[in-house]
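Structure, as structure tokens:
The values are calculated or read from the model by the stated rules, or taken from the named source; none is laboratory data. Quantities reported herein were computed from a predicted structural model and do not represent experimental measurements. Here the Cβ positions follow ideal geometry from the backbone for every residue, glycine too, while neighbour counts run over all protein chains shown.
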Amino acid sequence: MKFVYFGYDFMIGVVQRLLADGHQLAGVFTFPCDNVFNFNADIVALATGRNIPLFTDRPTPAALATFLASGATCFLAAGYPYKIPPIETPGVFAINVHPSLLPKGRGIMPTPHILMDHPEAAGLTFHKMTQDFDGGAILDQRALPLHPRETVETYSARIAMAAPAMASRLLADLPDAWARARPQDESQASHFPPPPESMRTLDWTQPVARIDQTARAFGRYGSLARIDGVLHVVYAADMWEETHALPPGTVAARLSREIIIAASDGYVLLKDFQTAQI
């Protein structure tokens, strides 16, 4: 099957598995990446190394028509931020890969919400691509119950590990799977907006358990913290419960590379952080 991929490095394992299965990559649409939240160097290298057409601008109906004319029958998106024009040609399959257990967890960045407050949405879904983001009928999905110490990195890694085998099975049986697809239950739907700054901020008045949740939900992407009134980005922290009399937010100690901040019921050890660039 000839397919077109829309996305970045997060799901490159899917592309590699489909190539190994004998499918043909006809083109790649990616987007400018910030190399903080998303990366695309590997998918760009894969495309250029195989002389596969590569695009960084938004797809147009004309561009899609060119691929359709060349025999492409599968259009696969994963983490692609732009709306793809409708693909409604009979015998052609447009699929999106979403890192939640749809219809729970719709939205461009559901993972922090899942880790902090919505474990019931943890999972991976392949669904029909429609003009309603994350709203198409479900082709396949897998629940991924959260581990007690789940982080944005471990959750993303588990998604990336599960997706290639799911994609392989799906494309091997795609016409039948397409016919079996089940509509999403709108009564169970939830939509998570992009995390606001308040959600990313470590609140020293909260218990350390909640601060820990926030830190794990943003991980290397950075949570936010005010230290002596100055906003910082925090990439790694440890914490523990301990009774003390310090007001929350007090700098309890400054070590050679770390800072210890008092929380409501313990301390937070900031290990990797920098002043926020505003």
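Structure notes:
- Test: residue in the range 10-33 that is modelled with pLDDT of 95 or more, under 30 Å from P112 (Cβ atoms) and small (G, A, S): yes
- T66 being modelled with pLDDT of 95 or more, more than 19 Å from F126 (Cβ to Cβ) and surrounded by 13 or more Cβ atoms within 10 Å (Cβ to Cβ): yes
- Just one of the listed residues (F126, F37) is among the aromatic types (F, W, Y) and at pLDDT below 95, namely F37.
- Within the range 191-255, strands (runs of 3 or more DSSP E) holding 2 or more residues that are surrounded by 20 or more Cβ atoms within 10 Å (Cβ to Cβ) and either among the basic types (K, R) or in contact with a strand residue (DSSP E or B) (Cβ under 6 Å, 6 or more places away or on another chain) (or both): 223-227, 230-241
- Residue tally, condition assigned to a loop (DSSP other than H, G, I, E, B) and of a type outside the set (S, T, Y), over the range 166-190: 6
- Scanning the range 108-121 for residues that are farther than 19 Å from A157 by Cβ and buried (at least 18 other Cβ atoms within 10 Å of the Cβ) gives a single hit, H118.
- Tabulated pairs, the range 242-257, first at negative phi, second of a type in the set (G, A, S) and in a loop (DSSP other than H, G, I, E, B), C-beta under 8 angstrom, 6+ apart or interchain: P248/A263; P248/S264
- The helices (runs of 4 or more DSSP H) found wholly in the range 1-102 and carrying at least 1 residues that are within 17 Å of K128 (Cβ to Cβ) occupy 12-20, 61-69.
- Figure legend. Inter-residue proximity from the range 214-232: first residues on the phi > 0 side of the Ramachandran plot, second residues buried (at least 23 other Cβ atoms within 10 Å of the Cβ), beta-carbon distance below 8 Å, spacing 6+ or different chains. Indicated pairs: G222/V234.
- When Q141 is tested against (1) touching an Asp or Glu at 6+ places or on another chain (Cβ under 7 Å); (2) over 22 Å from G22 (Cα atoms), exactly one condition is not met: (1).
- Any chance T151 is outside the structural domain of P103 (by TED's automatic domain parsing) and under 29 Å from C33 (Cβ atoms): no
- The set of residues from the range 5-28 being of a type outside the set (S, T, N, Q) and over 14 Å from V97 (Cβ atoms) comprises L19, A20, D21, G22, H23, L25, A26, G27, V28.
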